[in-house]
Structure formats: C-alpha cells, structure tokens
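The values are calculated or read from the model by the stated rules, or taken from the named source; none is laboratory data. Model, not experiment: these values are computed from the prediction. Glycine also receives a Cβ, built like all others from the backbone with ideal geometry; neighbour counts cover every protein chain displayed.
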Amino acid sequence: MSDKLKHLNDLYIVLNGEMTTENRDTITKEFVNKLKDENICDIFSKLNLLEKIQTSLTNSNSITSREGGLAVCINLYETFGYKMEQYSASLVPILIYLCDDKMRHIQLEATRCLKIIFENMNPYSIEIFLKVLYDGMDNISWKIKVGSLTLLNQLSKKNPERIAHLLPNIVPQVTKHVWDTKKEVKNNALDTLLSCCSVIQNPDIKPIVPTLVDANANPKKNDSALDVLMGTTFVSQVGSPTLAIIVPVLSRGLRSRDVQTKRKCCVVIDNMCRLVHDQKDVEPFVDKLLPELNRVESEVAIKEIREYGTKAKNTLLNAVSEGNVSR
C-alpha cells in the first residue's frame, strides 16, 4: 500500500472513532479532498472503500462508526455526483434501513444522504431502485415505510416523465399502503400516490386525477369517480400512465353487483380503448379487465348490459391486437 493510500486508510479509521461533530466534518472533508485528483473508481478498488463504508454503516454496536460512514457517504455524493452512481445499488438499501436507526441524528443523516442520491439519480436508473423502495415500503418499520415513500415522492417531482412511464408498476405498490394502520404511513402513501399520478399529461384526465386517486385509495368513492369518468370526453391518446390510474377504478366497478355500474365501466372501457395507439400500453391491464368483461357478457341477466360487455371486450381486444383502433 502506497503512503497516500495508507494515509487515506488511517483517516478513515480515525473517522470511525470518538470525536466531536465539528472534528468529524473537518477530517471528512480532508479525506474527500484528497480523492479529488484521483480516479475515484481506482481509489474505491485499492482502498476497498465500498466495503469499508458498508461495514461502518451496518455496525450496530458502534454509533461513531455509523456516524463516520454517513459523513463520508454524504461528502462523496456531494463532491463526486454521478461518479458515485455505480455504488448506489450497494449503499441505498443500507441507508434506507438506517431511517429507523435507534439514534435520531443517524436517521436524519441517512435521510439527508438519500435525498442527495435521489435528487441526482440518473432517470434510467430509477427502475432499478424502485424494487429497493418497494421492499422498504413493505418493511415492518413504519419509519422505513415513510422514508421509502418520501423518496418515491421526490423522484416523481424530479423525473416526472420517467415516473409516468413506470406508473403501471408504481400505482398498485403505493396504493396498498394507503390503508396502513399507521397514520404517518397512510398520509405519506396518499401524498405520494397523488404526486406520482399528477405526472399524467393526458389533458382529458389531468383535471380529474385527484378524484381518481381518491377512488384508488377509498373504494367507497369508486362510484362517484366512475360517474366523473362517464362525463369525461376522451379525445386524446390514451397511454399506459392514464390506464394505470383508471383501470383500478374500472376493475373494481366491474366486480360490483350493480349491473348499471358494470354498464358504466363497459362504456368507459369502450371509449377509452378506442384511443389506445400502442398495444403495449394496454397489454399489462388486460388480465384485470378481460375476465370481468367475459363475466358481464355471459352472466348478466339483462341483454342490453351483456351487449355493452361484448362491445367493450371487443374494443379492448382490438386495442391489444392492433393498437390505434381509433383509426
């Protein structure tokens, strides 16, 4: 090990020991400043820096070790930005776990570090980290749930186009947490769901997004949302982001015992699917709609309603097989 690497290694060891916050900040800046003129990947490799940081962050027996690891993490991401992206997949799950650290200041520093990472995240990396956020949302700790939801909320504001593309996957994952028994989780889930769905640009649907979000979160509001959809004139192209927020309302309505509710769903499906221009947009939702439309077509006693079911089913299948059925 060269003298410079040995010095860096010694500095990192010192950072994990007992010291004041002011001293730790000073030594951390010294440590990171010495890396500025180096190839960061080379230093990480030769110093085993990723492993060192992981060990520090996961050391449950040492508060100072976790403090040191967080201080280095924050300064590295603030200083090197996108060059740190390659290490995020290894660090983000650990940082999310620290949102429920037994020490409050550790929680806050972990949250601060995560915000920096997600603020500067490459849009094309988002899908990779969604699974990490979903795992966090499913964690038993309500603080980790809230932390994960907050990060997704942040992503929706920073990268609306990418989040719109991923909405079919995001909506069901977030929706299941709006019924959490913990008020903080429930409120954050609802706020995140609204924020994510607000990225929808379809001019026909954008004004009624809050109504549809409420219906996704509260089944008792499904009928009123369905009435709003019945009063909506679909003239713009319907893509997967729009379907992501509408289909849960339609799917629930089709399962209703009320035949008029089923009729309304069939009418909306027929109108909506005529404006699907790409079959890939509607394919993920076929399994949620087609079985219920088949039941309407074959099981409802009223012939007129059955005919609505047949018409909606055919339009849906045409959208899947051809796309752009409005032509």
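Within segment 1-29, how many residues turn out to be assigned to a loop (DSSP other than H, G, I, E, B) and farther than 18 Å from G68 by Cβ?
Looking only at that region, the number is 2.
Of all the residues that make up segment 179-193, how many are surrounded by 20 or more Cβ atoms within 10 Å (Cβ to Cβ) and free of Cβ contacts under 8 Å to residues at least 40 places away in the same chain?
The total comes to 2.
Tell me the residue from P284, P291 that is assigned by TED's automatic domain parsing to the domain that holds I245, at pLDDT below 95, in a helix (DSSP H, G or I) and not acidic (D, E), please.
P284
Restricting attention to segment 302-325, does a residue exist that is outside any helix (DSSP H, G or I) and at positive phi?
yes
How many residues are in contact with a strand residue (DSSP E or B) (Cβ under 9 Å, 6 or more places away or on another chain), among the charged types (D, E, K, R) and within 21 Å of Y308 (Cα to Cα) when one looks only at segment 197-254?
Final tally of qualifying residues: 0.
Go through (1) buried (at least 16 other Cβ atoms within 10 Å of the Cβ); (2) within 14 Å of the chain's Cα centre (by Cα); (3) not β-branched (V, I, T) one by one and return the number of the condition E109 breaks.
(2)
Condition test on N61, is it free of Cβ contacts under 8 Å to residues at least 40 places away in the same chain, out of contact with any helix residue (DSSP H, G or I) (no Cβ under 8 Å at 6 or more places or on another chain) and in a helix (DSSP H, G or I)?
In short, no.
Taking segment 112-164, which residues are crowded, with 18+ Cβ neighbours inside 10 Å, in contact with a Gly (Cβ under 9 Å, 6 or more places away or on another chain) and not in a helix (DSSP H, G or I)?
Answer for segment 112-164, where residues must be crowded, with 18+ Cβ neighbours inside 10 Å, in contact with a Gly (Cβ under 9 Å, 6 or more places away or on another chain) and not in a helix (DSSP H, G or I): there is none.
Could you list all residues from segment 265-281 that are farther than 16 Å from V249 by Cβ, in a helix (DSSP H, G or I) and charged (D, E, K, R)?
K280, D281
With (1) surrounded by 23 or more Cβ atoms within 10 Å (Cβ to Cβ); (2) among the hydrophobic types (A, V, I, L, M, F, W, C); (3) modelled with pLDDT of 95 or more as the list, and V276 as the residue in question, which single condition is left unmet?
For V276, the failing item is (3).
Say whether the condition of being in contact with a Pro (Cβ under 6 Å, 6 or more places away or on another chain) and modelled with pLDDT of 95 or more is met by at least one residue in segment 167-174.
Yes, there is a match, as at least one residue in segment 167-174 is in contact with a Pro (Cβ under 6 Å, 6 or more places away or on another chain) and modelled with pLDDT of 95 or more.
Filter segment 84-106 down to the residues that are surrounded by fewer than 15 Cβ atoms within 10 Å (Cβ to Cβ), more than 15 Å from T55 (Cα to Cα) and within 23 Å of the chain's Cα centre (by Cα) and list them by number.
Q86, A89
Among V72, V32, which is the only one that is under 19 Å from P93 (Cβ atoms), of a type outside the set (K, R), in contact with a helix residue (DSSP H, G or I) (Cβ under 9 Å, 6 or more places away or on another chain) and part of a helix (DSSP H, G or I)?
V72
Is segment 187-196 home to any residue that is within 20 Å of K288 (Cβ to Cβ) and either of a type outside the set (S, T, Y) or not assigned by TED's automatic domain parsing to the domain that holds V146 (or both)?
Among the residues of segment 187-196, at least one is within 20 Å of K288 (Cβ to Cβ) and either of a type outside the set (S, T, Y) or not assigned by TED's automatic domain parsing to the domain that holds V146 (or both), which makes the answer yes.
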